[in-house]
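The values are calculated or read from the model by the stated rules, or taken from the named source; none is laboratory data. Please read these numbers as outputs of a predicted model, since none were measured by experiment. Cβ coordinates were reconstructed from backbone atoms using ideal geometry, including for glycine residues, and neighbour counts include every protein chain displayed. Just so you know, the surface numbers come from the protein's heavy atoms only, side chains and all, with ligands and any DNA or RNA stripped out. Shrake-Rupley method; radii C 1.70, N 1.55, O 1.52, S 1.80 Å.
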Amino acid sequence: MARFDDKKLQTDNLVDKLVSINRVSKTVKGGKNMSFSALVVVGDKAGRVGFGKGKALEVQSAVQKATKAAKAKMIRVPLKEGRTLHHDIESRYGASRLVVRSAVPGTGIIAGGALRAVFECLGIQDVVVKSQGSNNPNNMVRAAFLAFSKMNSPKTVAARRGKSVSEIIAGRDGKKFEENAETAEDK
């Protein structure tokens, strides 16, 4: 998971999705002060995604602030074949709990509300997500980003373990383990 500091990279081909708008009020001596809070997800549909929150007296200003914050906090998520995640993962933020599973081609994005926007901006085409507990959009988006921070690609795992990528992928698909099981049965 890497942050992007290059402003030039952040402005090209970005898709932004408004996840939620919340009207908030503060009661003061003279009455109530109304303002709006917005949650926006921004991504390039190729593995970079970010989210941001903005608060202002008008909806449009809140959305602009949230979009600016999302562009500043973009992360890169490793994708398998450019369409799904490398492995299943569970994540939790506050009272929201997510189970994110990679899926076979043609499955589509099986997720609701805030999470659908996150995966569409990320560029994932096949994923299954089960959310449990709170369905607060802020917590669900943060739980998804925590899951992304735990995501490992075969390349990073191979570098950490001192093996080649082909050894890691063979172990993941079960081919290497099946061969070992067959030789153990022969003995």
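Odds and ends about this structure:
- Reciprocal of mean inverse Cα separation for segment 31-160 (Kirkwood radius, Å): 15.3
- Rounded to the nearest 20 debye, dipole of segment 1-145 from Cβ charges on Lys, Arg, Asp, Glu: 660
- The Rg/Rh ratio for segment 20-68, using Cα coordinates for both the radius of gyration and the Kirkwood hydrodynamic radius, is 1.17.
- Per-residue SASA remark: Ser131, around 50 Å² accessible (1.4 Å probe; ligands, DNA and RNA not included).
- Along the axis of the charge dipole computed for segment 12-51 (Cβ charges of +1 for Lys and Arg, -1 for Asp and Glu, origin at the Cα centre), the listed residues Asn13, Gly47, Gly30 are led at the positive end by Gly30.
- Members of Lys71/Lys163; Lys32/Lys150; Lys26/Lys71; Lys17/Lys150; Lys26/Lys150 lying beyond 31 Å, as alpha-carbon distances in this model show: Lys71/Lys163; Lys32/Lys150; Lys26/Lys150
- Charge dipole (debye, nearest 20) of segment 95-156; +1 at Cβ of Lys and Arg, -1 at Cβ of Asp and Glu: 200
- Relative to the Cα centre, the charge distribution of segment 33-103, modelled as +1 at Lys and Arg Cβ and -1 at Asp and Glu Cβ, gives a dipole magnitude of about 140 debye.
- Normalised contact order of segment 80-163, rounded percent, pairs of Cα under 8 Å and 6 or more residues apart: 36
- Reducing segment 123-170 and segment 31-51 to their Cα centroids gives an inter-centroid distance of 22 Å.
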